[in-house]
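S.K.: Dropping the structure in here first, questions after.
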Amino acid sequence: MGFSAMVPGVVDIREQFPLSLSPHPRELSLVNREEFGRIAPGTLELAESLGIRHPRLGAVKNEDWWVMSTDLLLTITQGSLTQLVAISVKYDNELARGRTRELLQLEREYWRCQGVPWLLITPSTYAPEVGATVRHALPWALVPEVVPNPVLEGVAELGAKVHGGTFDRALSSISTVFNCTRSDAQFLLWGAVWAGVLPVDLCMRMDPNAIVRVIPSADFLSMNPVASRRSAWQA
């Protein structure tokens, strides 16, 4: 969720998105008129074509079919273009299991037939330090209240001032400029980072003496496996 929320243009994130068992309208048909009326195969048909045993609710043959799901489905809008990105999240050691790889292949094919990019995100797709920062900062970044864009842009304008200083100094500067508590300064800082207007090196330690480094946007996005479309899947 943390990396997905940082993707430029993301407007919706659906968790545990169910995959249709039977043929169905393409998911993009809801947002793209050109896709209207186009039908995509369901997981039962795809499993048969791939020679994969489709999962059931139980081990008995006459049990109902299990409805598979994709961990995250992102809707991304940039200008007049809207696209979907499907994401499966696993630990690297899970990929050694043959059955896991079979089901991932089935999920991948489900989205490929719809022209939707599918990413397999594992810890190997991002630096451990980046993952730790995203996990620790996520509660500050994803707050229920929407911070107005002018405020986030105001935080971004402090980039030159906070660059090269400590995390503690960055919070003090934000707190002074916006006349807010240090707790609110944390929300503003990480909100600006997640919005991409204050791109910082996410490899920094999460402590008051950590050095804040403002970096080019391209370098910031490259740390994010979802934004850079980096996948652990190997056919």
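The values are calculated or read from the model by the stated rules, or taken from the named source; none is laboratory data. Keep in mind that this is a model prediction, so the values were computed, not measured. When we count neighbours, we look across all protein chains shown, and the Cβ atoms used for this are built from the backbone with ideal geometry, even at glycine. Accessible surface is based on the protein model in full, side chains and every heavy atom, while ligands, DNA and RNA are left aside. Shrake-Rupley method; radii C 1.70, N 1.55, O 1.52, S 1.80 Å.
S.K.: As an exercise: evaluate Tyr91 against (1) open to solvent by 80 Å² or more (accessible area, probe 1.4 Å); (2) touching a strand residue (DSSP E or B) at 6+ places or on another chain (Cβ under 7 Å); (3) of a type outside the set (Val, Ile, Thr) and give the number of the one condition it does not meet.
M.R.: (2)
S.K.: Has segment 2-22 got at least one residue that is under 30 Å from Ala132 (Cβ atoms), in contact (Cβ under 8 Å) with a residue 40 or more places away in the chain and hydroxyl-bearing (Ser, Thr, Tyr)?
M.R.: yes
S.K.: Can you go through Gly58, Gly51 and tell me which one is modelled with pLDDT under 95, over 16 Å from Ser22 (Cα atoms) and open to solvent by less than 80 Å² (accessible area, probe 1.4 Å)?
M.R.: Exactly one residue qualifies, and that residue is Gly58.
S.K.: Going by the conditions given, is Thr133 among the polar types (S, T, N, Q) and closer than 30 Å to Glu94 by Cβ?
M.R.: yes
S.K.: Does any residue in segment 98-117 that is among the aliphatic types (A, V, I, L, M) come within less than 6 Å, Cβ to Cβ, of a residue that is outside any helix (DSSP H, G or I) and crowded, with 19+ Cβ neighbours inside 10 Å six or more places away or on a different chain, and which pairs are these?
M.R.: Sorted first by the residue in segment 98-117, then by its partner, the pairs are Val116/Leu84; Val116/Ala86.
S.K.: Let me confirm something: among Ser29, Ser4, which residue is part of a helix (DSSP H, G or I), under 13 Å from Val85 (Cα atoms) and under 26 Å from the mean Cα position of the chain (by Cα)?
M.R.: Going through Ser29, Ser4 in turn, just one is part of a helix (DSSP H, G or I), under 13 Å from Val85 (Cα atoms) and under 26 Å from the mean Cα position of the chain (by Cα): Ser4.
S.K.: Let me ask another. How about segment 138-167: which of its residues are modelled with pLDDT under 85, open to solvent by 90 Å² or more (accessible area, probe 1.4 Å) and not in a helix (DSSP H, G or I)?
M.R.: Passing the criteria: Pro144, Glu145, Val146.
S.K.: Output the residues belonging to segment 78-88 that are in contact (Cβ under 8 Å) with a residue 60 or more places away in the chain and open to solvent by 60 Å² or more (accessible area, probe 1.4 Å).
M.R.: The answer is Gln78, and nothing else.
S.K.: I need every pair where a residue in segment 28-44 that is over 21 Å from Val67 (Cα atoms) and free of Cβ contacts under 8 Å to residues at least 12 places away in the same chain has its Cβ under 9 Å from the Cβ of a residue that is in a helix (DSSP H, G or I) and of a type in the set (Lys, Arg), sequence separation at least 6 or different chains.
M.R.: none
S.K.: State all residues of segment 17-32 that are open to solvent by 40 Å² or more (accessible area, probe 1.4 Å) and polar (S, T, N, Q); if no residue qualifies, say none.
M.R.: Within segment 17-32, Ser22, Asn32 qualify.
S.K.: Just one of Arg213, Arg135, Arg205, Arg182 is in contact with a helix residue (DSSP H, G or I) (Cβ under 7 Å, 6 or more places away or on another chain), over 24 Å from Leu72 (Cα atoms) and either open to solvent by 80 Å² or more (accessible area, probe 1.4 Å) or charged (D, E, K, R) (or both); which is it?
M.R.: Only one candidate qualifies: Arg182.
S.K.: Still on this model: Applying the selection to segment 134-190, what residues are under 19 Å from Leu202 (Cα atoms), of a type in the set (Lys, Arg) and free of Cβ contacts under 8 Å to residues at least 60 places away in the same chain?
M.R.: If the condition is that a residue be under 19 Å from Leu202 (Cα atoms), of a type in the set (Lys, Arg) and free of Cβ contacts under 8 Å to residues at least 60 places away in the same chain, then Lys161, Arg169 are the ones that fit.
S.K.: Just one of the numbered conditions (1) of a type outside the set (Val, Ile, Thr); (2) more than 30 Å from Ile211 (Cα to Cα); (3) open to solvent by less than 60 Å² (accessible area, probe 1.4 Å) is not true of Arg101; which one?
M.R.: (3) is the only condition that Arg101 fails.
Conditions (1) among the charged types (D, E, K, R); (2) in a loop (DSSP other than H, G, I, E, B), marked per residue:
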| position | (1), (2) |
| --- | --- |
| Val67 | no, yes |
| Asp71 | yes, no |
| Leu74 | no, no |
| Thr77 | no, no |
| Leu84 | no, no |
